[in-house]
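K.L.:
Sharing a structure below in structure tokens format, with a few things to ask.
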Amino acid sequence: MAEKTWQLRQEDRLVGTLTLEGTDMFWSDCRFEPGSGWEDLRLLFSASHDAWERGDEEAALAADEAIHAAGLLLVPEGGGDSIADFLIRIDGDTARFRC
């Protein structure tokens, strides 16, 4: 069975590649490999992660809204419909998302 992967894209830029490693309830847990567009968004994901870690829900939700407003798409490799409405977390070489 082939690995299930998605390209995380912002318009024509590759932000990174997510490779499914498992699922946890509603979340898809993935390995994350950054692409050429990652550095422009890295600080948004760091802000979200840090806010959730310190329990600052207001800051975490604001960071998540900024990530959503960045216009990201999950594009399945090998074909299929792109996903535009999702919640995503990236920390180092791990990512998780839910639709």
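K.L.:
Can you name the strands (runs of 3 or more DSSP E) wholly within segment 58-99 that have at least 2 residues being under 19 Å from Arg9 (Cβ atoms) and open to solvent by 50 Å² or more (accessible area, probe 1.4 Å)?
P.N.:
Of the strands (runs of 3 or more DSSP E) lying wholly inside segment 58-99, those with at least 2 residues that are under 19 Å from Arg9 (Cβ atoms) and open to solvent by 50 Å² or more (accessible area, probe 1.4 Å) span 87-91, 94-98.
K.L.:
How many residues does segment 1-38 hold that are in a loop (DSSP other than H, G, I, E, B) and out of contact with any Ser or Thr (no Cβ under 6 Å at 6 or more places or on another chain)?
P.N.:
10
K.L.:
Quick one: in segment 9-30, of everything that is in contact with a helix residue (DSSP H, G or I) (Cβ under 9 Å, 6 or more places away or on another chain) and aliphatic (A, V, I, L, M), which residue is farthest from Phe86 (Cα to Cα)?
P.N.:
Looking at the filtered set, the residue picked out is Leu14.
K.L.:
Pull up segment 35-56, narrow it to residues that are in contact (Cβ under 8 Å) with a residue 12 or more places away in the chain and of a type in the set (S, T, N, Q), then point me to the one that is least open to solvent (accessible area, probe 1.4 Å).
P.N.:
Selected residue: Ser48.
K.L.:
Do we have any residue at all in segment 46-56 that's in a strand (DSSP E or B) and among the polar types (S, T, N, Q)?
P.N.:
no
K.L.:
Right, another one. Hey, could you check segment 8-33 for residues that are small (Gly, Ala, Ser) and farther than 16 Å from Ala70 by Cβ and say which is surrounded by the most Cβ atoms within 10 Å (Cβ to Cβ)?
P.N.:
Ser28
K.L.:
Find all pairs meeting these conditions: Cβ atoms under 7 angstrom apart; at least six residues apart or on different chains; first residue within segment 68-91 and among the basic types (Lys, Arg); second residue open to solvent by less than 60 Å² (accessible area, probe 1.4 Å) and not in a strand (DSSP E or B).
P.N.:
So the pair list comes out as Arg89/Ser48; Arg89/His49.
The values are calculated or read from the model by the stated rules, or taken from the named source; none is laboratory data. This is a predicted model, so every value here is computed, not measured. Every residue, glycine among them, receives a Cβ derived from its backbone with ideal geometry; neighbour counts consider all protein chains shown. The protein model used for the area step is the full one, side chains on, heavy atoms only, and it has no ligands, DNA or RNA in it. Shrake-Rupley method; radii C 1.70, N 1.55, O 1.52, S 1.80 Å.
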